[in-house]
Amino acid sequence: MKKYKFTIRGNDYDVHLKDIEDNIAELDVNGTIYEVKIHGEVKTTKTPTLVRKPVEKMPGEGQIKKNVSTGKHKVLAPLPGTILKINVSVGDVVTEGQNLMIMEAMKMENQIQTTKAGEVTAIKVNVGDSVLQDDLLFEIA
């Protein structure tokens, strides 16, 4: 580890500190190995520890909320746009994948289809209406 030169009572000593464990040091003094006990305070390096407050959950946080089904399937707008044409009316029976309306979004015409078969119970938009993403368009029972 480290080498030192000492002069004690006129005699020169070459001291090589080989190892330190706890309070025991291994020294090589002029070729002779000595184990010496260190008296006094041994410096230890401290690694800082991060202390955080415990996380407190708000009431109801972390619980799974279950949506209560009303038996109606909702068709939502996939992106913001303007309604150009509605192909069905209230009371019509639709099949899965049927085109319900045409909506213009980003200068393109998009066909809005249903993912469930059933009867159209409500149309929540009119031709010319502007809608935002996830706005309710149709209810199908």
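Can you tell me which of (1) closer than 17 Å to Leu136 by Cα; (2) β-branched (Val, Ile, Thr); (3) not in a loop (DSSP other than H, G, I, E, B) is the one Val88 doesn't meet?
So the condition that Val88 fails would be (3).
Working only within region 84-103, note down all residues that are small (Gly, Ala, Ser) and over 14 Å from Lys116 (Cβ atoms).
Selection gives Ser89, Gly91.
Could you list, in sequence order, all residues of region 86-133 that are over 11 Å from Val75 (Cβ atoms), within 38 Å of the chain's Cα centre (by Cα) and among the charged types (D, E, K, R)?
Glu96, Glu104, Lys107, Glu109, Asp129, listed by residue number.
Across region 107-141, which residue is nearest to Thr82 (Cα to Cα) among those that are in a strand (DSSP E or B) and among the acidic types (Asp, Glu)?
Going through the qualifying residues, I end up with Glu109.
Restricting to region 69-119, name every residue that is polar (S, T, N, Q), free of Cβ contacts under 8 Å to residues at least 24 places away in the same chain and loosely packed, with under 13 Cβ neighbours inside 10 Å.
Ser69, Thr70, Thr95, Gln111
Of everything in region 92-106, what is among the β-branched types (Val, Ile, Thr) and either in a loop (DSSP other than H, G, I, E, B) or outside the structural domain of Pro78 (by TED's automatic domain parsing) (or both)? Give them in sequence order.
Thr95
Please tell me if Ser130 is farther than 30 Å from Tyr4 by Cβ, hydroxyl-bearing (Ser, Thr, Tyr) and touching a residue at least 40 places away in the same chain (Cβ under 8 Å).
Yes; evaluated as a whole, the condition is true for this residue.
The values are calculated or read from the model by the stated rules, or taken from the named source; none is laboratory data. Bear in mind that the values here come from a model prediction, so they are computed numbers and not experimental data. Ideal geometry is used to build each Cβ from the backbone, glycine not excepted, and the neighbour counts take in all protein chains shown.
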